[in-house]
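Only one structure is covered here, and it is reproduced in the block below.
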Amino acid sequence: MPNEAVILGKVRGLNPDEILASNNNEEQIKLSGQGDQLFAMGASVYQENVRLGRTYWTNNTTPVAAVIAMPTTAINLAIYNNEPDGGRSYIIQRVAAVAGAAGAVLYQACIIACLGQVREAIPAMAAMTLKQANGGGKNDSRARVTIGGTALPAGTGVATNWFCLGSSQVTSTVSVPGWQIDAPVNGRFIVSPGRYFAVHVLGSAVGLTATMNIYWTEKQLLLG
């Protein structure tokens with residue numbers, strides 16, 4: 001027999017403390033003084049996505065020189081959605097960059113990204129690994145990874161497909177590596193089957209190098 005729930009709530013007015021009889025099957029939902037329903041999350045925001053084993057990340061291990069102007073086909077790191085049409089989409093959750101080396105100048109730098117708008121041919125897989133965010137090791141992702149030195153296809157690698165991602169980092173000391181830029185994307189970009197998602201670091205001067213990370217969740221989505 002299914003359970004029945006009766007919700008009692010006030011729509012207007014203030015909500016002072018209210019004590020109901022123990023045999024009353026109506027329970028006042030928690031509202032603010034303005035009538036907004038109050039609730040608490042039962043888990044961390046990304047916990048369930050990670051638990052299910054469909055959240056991954058990849059990173060390059062060799063620092064790549066930052067660009068000093070918006071690129072076209074040059075990348076630091078990219079993933080390609082190797083699903084067939086109608087397959088899983090890649091929901092971008094986070095991108096990060098770590099400076100590997102810096103010249104004897106102060107830098108301003110930011111993360112930039114490119115989201116492909118057309119289906120491209122399947123690229124070769126770079127010698128990089130995909131890691132599950134839950135450490136399960138049951139990796140059945142079809143994602144392909146490409147790294148700096150491999151160019152994007154001309155249909156994707158156009159200047160108008162690149163955009164800034166997150167805030168800039170400004171250094172206060174010259175010639176010091178190790179500073180990091182983090183860009184929480186939180187699903188604002190979705191890589192549909194056959195498309196690339198590429199990232200790079202845009203810097204104010206030459207001499208800056210960085211390694212990068214991409215984090216994503218794979219889900220079956222009905223795309224518009």
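Structure notes:
- Sole residue being on the phi < 0 side of the Ramachandran plot, under 21 Å from the mean Cα position of the chain (by Cα), assigned to a loop (DSSP other than H, G, I, E, B) and in the same structural domain as Val174 (by TED's automatic domain parsing), chosen from Gly103, Gly87, Gly135: Gly87
- Of all residues making up segment 154-167, the number that are assigned to a loop (DSSP other than H, G, I, E, B) and under 11 Å from Ala198 (Cα atoms): 2
- Of residues in segment 106-132 being in contact with a helix residue (DSSP H, G or I) (Cβ under 8 Å, 6 or more places away or on another chain) and outside any strand (DSSP E or B), the one surrounded by the most Cβ atoms within 10 Å (Cβ to Cβ): Gly116
- Yes/no for Val64 being modelled with pLDDT of 95 or more and either surrounded by 10 or more Cβ atoms within 10 Å (Cβ to Cβ) or hydrophobic (A, V, I, L, M, F, W, C) (or both): yes
- Filter result (assigned to a loop (DSSP other than H, G, I, E, B) and buried (at least 20 other Cβ atoms within 10 Å of the Cβ)) within segment 194-216: Arg195, Leu208
- Whichever residue in segment 44-61 is of a type in the set (D, E, K, R) and touching a residue at least 24 places away in the same chain (Cβ under 8 Å) and, among such residues, is surrounded by the most Cβ atoms within 10 Å (Cβ to Cβ): Arg54
- Options Ala21, Ala43; residue that is at pLDDT 65 or above, among the aliphatic types (A, V, I, L, M) and either assigned to a loop (DSSP other than H, G, I, E, B) or not assigned by TED's automatic domain parsing to the domain that holds Arg142 (or both): Ala43
- Close Cβ contacts (under 6 Å, 6 or more residues apart or on different chains) running from residues in segment 133-149 that are in contact (Cβ under 8 Å) with a residue 24 or more places away in the chain to residues that are surrounded by 12 or more Cβ atoms within 10 Å (Cβ to Cβ) and among the acidic types (Asp, Glu) comprise Arg142/Glu83.
- Pairs where the first residue, in segment 196-214, is closer than 20 Å to Leu130 by Cβ and the second is among the hydroxyl-bearing types (Ser, Thr, Tyr), C-beta under 7 Å, 6+ apart: Tyr196/Tyr80; Tyr196/Thr156; Phe197/Tyr90; Thr211/Thr61; Ile214/Thr58
- In the set Gly87, Gly155, Gly136, only one residue is modelled with pLDDT under 95 and small (Gly, Ala, Ser); that residue is Gly136.
- Scanning segment 168-187 for residues that are assigned to a loop (DSSP other than H, G, I, E, B) and either loosely packed, with under 13 Cβ neighbours inside 10 Å or among the small types (Gly, Ala, Ser) (or both) yields a total of 8.
- Any pair with Cβ under 9 angstrom, 6 or more apart, that starts in segment 156-183 at a residue that is at positive phi and ends at one that is exposed (fewer than 11 other Cβ atoms within 10 Å of the Cβ): Ser175/Ala104
The values are calculated or read from the model by the stated rules, or taken from the named source; none is laboratory data. Nothing here was measured: the structure is a model prediction, and the numbers come from that model. Methodologically, a virtual Cβ is constructed for each residue, glycine included, from the backbone with ideal geometry; neighbour enumeration extends over all protein chains shown.
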